[in-house]
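The values are calculated or read from the model by the stated rules, or taken from the named source; none is laboratory data. Since the model is a prediction, treat every value here as computed from it, not as a measurement. Ideal geometry is used to build each Cβ from the backbone, glycine not excepted, and the neighbour counts take in all protein chains shown. SASA here: full protein model, heavy atoms, side chains in, ligands and nucleic acids out. Shrake-Rupley method; radii C 1.70, N 1.55, O 1.52, S 1.80 Å.
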Amino acid sequence: AFAPINQAIRFQLTGLSLVLLFAMLAAWAGGDYFLARTIRIIIKAMSQVKMGNLHVRTGLKASPGELYELASAFDSMADGLEQREKQLRSAEAARFASEMRLANIMQNAAEAIISVDPDGKIIVFNKGAERIFGYRSEEVLGEPLEMLMPEQTDEQHRSMLRSFPMAPGDS
């Protein structure tokens, strides 16, 4: 008497199992496509930026959802970093060019230009100084400035140096 009912239950359970299996496969495939794939794209782009490639973008189109908002925010951040990198390189190039012009002016000036560190050691000795003092720069760099002073003005020079204000942190 229960054979037809048992057979109907088996048939329905088999059908329900197949539907459940199909639903699980669809959820896995959809999750992989819509979630995991998107996350992998974002992580790959982040890794590229971490290695210094500021040109990388996720390439994900704007769509509703938190992951797409995250991808859009990442792309905006990468744009900002790339712009700052360009500005930094431009400023660095301008600074370098300015330093080269200043070095050229200092080195080729007819006047003696000598600079010393806080310990009184010569760190800059231009061509004008070479001509006036008769030393080559290689001979005086790292030497005390006093070597250029006549003995009769040595104490006067020391007194004058003591009158200069010291830079913060100097003793």
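Using C-alpha pairs under 8 Å with a sequence gap of at least 6, the mean separation divided by the residue count of region 47-105 gives a relative contact order of 27 percent.
When only C-alpha pairs under 8 Å and at least 6 residues apart count, what is the relative contact order of the chain, in percent?
Relative contact order, the chain: 10 percent.
Residues in region 14-97 average 76 Å² of solvent-accessible surface per residue, probe 1.4 Å, ligands and nucleic acids excluded. Subtracting the Cα-Cα distance of GLU151 and ALA73 from 0.36 nm times their residue separation leaves 21.1 nm of extension gain. Think of the chain as having a plus end and a minus end, set by charges on the Cβ of Lys, Arg, Asp and Glu; of LEU88, ALA36, SER47, ALA36 sits farthest toward the positive end of this dipole.
Phi angles across region 93-104 convert, under the Karplus curve 6.51 cos²θ - 1.76 cosθ + 1.60 with θ = phi - 60°, into 3J(HN,Hα) values of 5, 5, 5, 4, 4, 5, 4, 5, 5, 4, 4, 5 Hz, Gly and Pro given as x.
Between helix 3-31 and the chain, what is the angle of the helix's C-alpha long axis to the longest principal axis, kept within 0 to 90° and rounded to the nearest 10? Around 20 degrees separate the two axes. In this Cβ point-charge picture (+1 for Lys and Arg, -1 for Asp and Glu), the chain has a dipole of about 1480 debye about its Cα centre. Once the Cβ-Cβ distance between SER47 and ASP117 is put in as r, and R0 is 30 Å, what FRET efficiency do you end up with, to the nearest 0.05? Efficiency at R0 = 30 Å is approximately 0.10. Here the Karplus curve 6.51 cos²θ - 1.76 cosθ + 1.60, taken at θ = phi - 60°, turns the phi angles of region 75-89 into couplings of 4, 5, 5, 5, 4, x, 5, 5, 5, 5, 5, 4, 4, 5, 5 Hz, with x standing for Gly and Pro. Calculated from the structure at hand, volume of the Cα convex hull per residue in Å³ is found among (1) 219; (2) 125; (3) 153 as (1). In a shell of Cβ-Cβ distance under 13 Å around ARG57, excluding ARG57 itself, what net charge do Lys and Arg (+1) and Asp and Glu (-1) give? Residues close to ARG57 contribute a combined charge of -1.
The long axis of helix 37-50 is offset from the longest Cα principal axis of the chain by roughly 10 degrees.
Here the label points at LEU81 and ALA109, each 7 Å from Cα along the C-beta direction, are separated by 4.3 nm in the simple model. Summing +1 for each Lys or Arg and -1 for each Asp or Glu among the other residues whose beta-carbon sits under 14 angstrom from that of ARG37 gives +2. Taking amide hydrogens as placed 1.01 Å from N in the peptide plane, the amide H of VAL124 sits under 5 Å from those of SER115, each at least 5 positions away in sequence or on another chain. Rolling a 1.4 Å probe over the protein heavy atoms of the chain, with every protein chain left in place, gives an accessible area that is 63 percent carbon and sulfur.
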